[in-house]
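Novice: Questions regarding the structure given below will be posed in turn.
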Amino acid sequence: MARRSLSFHASARPKAQATAEEFKKRYGDAPPEEADVLVAIGGDGFMLETLRIAMKTGKPVYGVNCGTVGFLMNAFDLDGLDKRIEEAESATIHPLAMTATRIDGGVESALAINEISLFRQTRQSARVRISVNGKVRMESLICDGVLLATPAGSTAYNLSAHGPILPIDAHLLALTPISAFRPRRWRGALLPCDAVVGFEALEPELRPVSAVADNIEVRNVRAVEAREDASISMTLLFDKGQSLEERILREQFDY
């Protein structure tokens, strides 16, 4: 079987850069649009950057961990990369699409692989009205923020905010408050993946709110619409026996 052509992408960390150079010597380095597989070398944050390239090329992505946590990455190993990729297990994910309307009327759009979040910008708490499929479900959430997470992103910021971990094939989204003050006992909701979620900042001039799609921030927003974009697919590759489904299951049992 012919060896797959690989395109290497590394974060700025010295270890990641050195690893990329070694891989290029061993396997060559194809342009992203011509490669069979994109190889992301770094941490989870860099994987998100590489997945944005994958959105455009349609290529699967194999991650090599040179970061800290590396939940979306494979274990660091310089040997046998081609064999590991050949035997890898795949997971297909879809991003969230965000449309944010600022106080001045401007509209900005962005895609998120992990989550779309709203945050208070000042010491004033945020007040947010939440609707699902056009129906108001919460008239006023007083909080530091609120987020909508994909299954792939449910183990990231969503988990830190005490949101639920979602199986990768659950066809659900996690709606999770961040330091909710009122209603104090609200812990969030599970929504179907085709839900359209609307967030409206109440008193946005007094209580300014920013919207963030992964690491893309829009400040001083009045309203945000978030939904899964099923027309865009990204494929992640994981070493045999270390699938994303298996990792998420392990995370739920804390080992």
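Novice: When you check Arg185 against the structure, is it exposed (fewer than 13 other Cβ atoms within 10 Å of the Cβ), of a type outside the set (Ser, Thr, Tyr) and more than 14 Å from the chain's Cα centre (by Cα), yes or no?
Specialist: yes
Novice: Could you tell me whether any residue of the range 209-226 is out of contact with any Leu (no Cβ under 6 Å at 6 or more places or on another chain), of a type in the set (A, V, I, L, M, F, W, C) and surrounded by fewer than 13 Cβ atoms within 10 Å (Cβ to Cβ)?
Specialist: no
Novice: Cβ-Cβ below 7 Å, separation at least six or inter-chain, first residue in the range 1-27 and under 16 Å from Tyr62 (Cβ atoms), second crowded, with 20+ Cβ neighbours inside 10 Å and hydroxyl-bearing (Ser, Thr, Tyr): which pairs?
Specialist: Cβ pairs passing all conditions: His9/Thr50; Ala10/Thr19.
Novice: Can we say Ala174 is free of Cβ contacts under 8 Å to residues at least 60 places away in the same chain, crowded, with 24+ Cβ neighbours inside 10 Å and part of a strand (DSSP E or B)?
Specialist: For Ala174, the condition - free of Cβ contacts under 8 Å to residues at least 60 places away in the same chain, crowded, with 24+ Cβ neighbours inside 10 Å and part of a strand (DSSP E or B) - is met.
Novice: Also: Check Leu111 against each of (1) free of Cβ contacts under 8 Å to residues at least 60 places away in the same chain; (2) more than 21 Å from Arg207 (Cα to Cα) and name the one condition it does not meet.
Specialist: Only one criterion is unmet by Leu111, namely (1).
Novice: Also, I was wondering about something else. List pairs: first residue in the range 230-243 and in contact (Cβ under 8 Å) with a residue 60 or more places away in the chain and β-branched (Val, Ile, Thr), second residue buried (at least 18 other Cβ atoms within 10 Å of the Cβ) and part of a loop (DSSP other than H, G, I, E, B) anywhere in the structure, Cβ distance under 7 angstrom, at least six positions apart or on different chains.
Specialist: Partner pairs satisfying both residue conditions: Ile232/His94; Ile232/Pro95; Thr235/Pro60.
Novice: Still on this structure: Are any of the residues in the range 123-135 within 23 Å of the chain's Cα centre (by Cα), in the same structural domain as Arg219 (by TED's automatic domain parsing), without any contact (Cβ under 8 Å) to a residue 40 or more places away in the chain and under 16 Å from Val197 (Cβ atoms)?
Specialist: No; the residues of the range 123-135 include none that is within 23 Å of the chain's Cα centre (by Cα), in the same structural domain as Arg219 (by TED's automatic domain parsing), without any contact (Cβ under 8 Å) to a residue 40 or more places away in the chain and under 16 Å from Val197 (Cβ atoms).
Novice: Further question: Go over the candidates Ser117, Ser154, Ser131 one by one and state the one that is under 16 Å from Gly188 (Cβ atoms), touching a Gly at 6+ places or on another chain (Cβ under 9 Å), of a type in the set (Ser, Thr, Tyr) and surrounded by fewer than 19 Cβ atoms within 10 Å (Cβ to Cβ).
Specialist: The match here is Ser131.
Novice: Also: Looking at Asn215, Asn220, which one is more than 15 Å from Arg137 (Cα to Cα), in contact with a Gly (Cβ under 8 Å, 6 or more places away or on another chain) and touching a residue at least 40 places away in the same chain (Cβ under 8 Å)?
Specialist: Every option except Asn215 fails the conditions.
Novice: Another question, then. Can you tell me which condition Leu172 does not meet? The list is (1) closer than 21 Å to Ile216 by Cβ; (2) modelled with pLDDT of 95 or more, and all the others hold.
Specialist: Of (1) closer than 21 Å to Ile216 by Cβ; (2) modelled with pLDDT of 95 or more, only one is false for Leu172: (1).
Novice: Just a yes or no: is a residue in the range 233-253 touching a helix residue (DSSP H, G or I) at 6+ places or on another chain (Cβ under 7 Å), assigned by TED's automatic domain parsing to the domain that holds Val61 and not in a strand (DSSP E or B)?
Specialist: Within the range 233-253, one or more residues are touching a helix residue (DSSP H, G or I) at 6+ places or on another chain (Cβ under 7 Å), assigned by TED's automatic domain parsing to the domain that holds Val61 and not in a strand (DSSP E or B).
The values are calculated or read from the model by the stated rules, or taken from the named source; none is laboratory data. Keep in mind the model is a prediction, meaning the values are calculated, not measured. Using ideal geometry, Cβ is built from the backbone for each residue, glycine included, and neighbour counts are taken over all protein chains shown.
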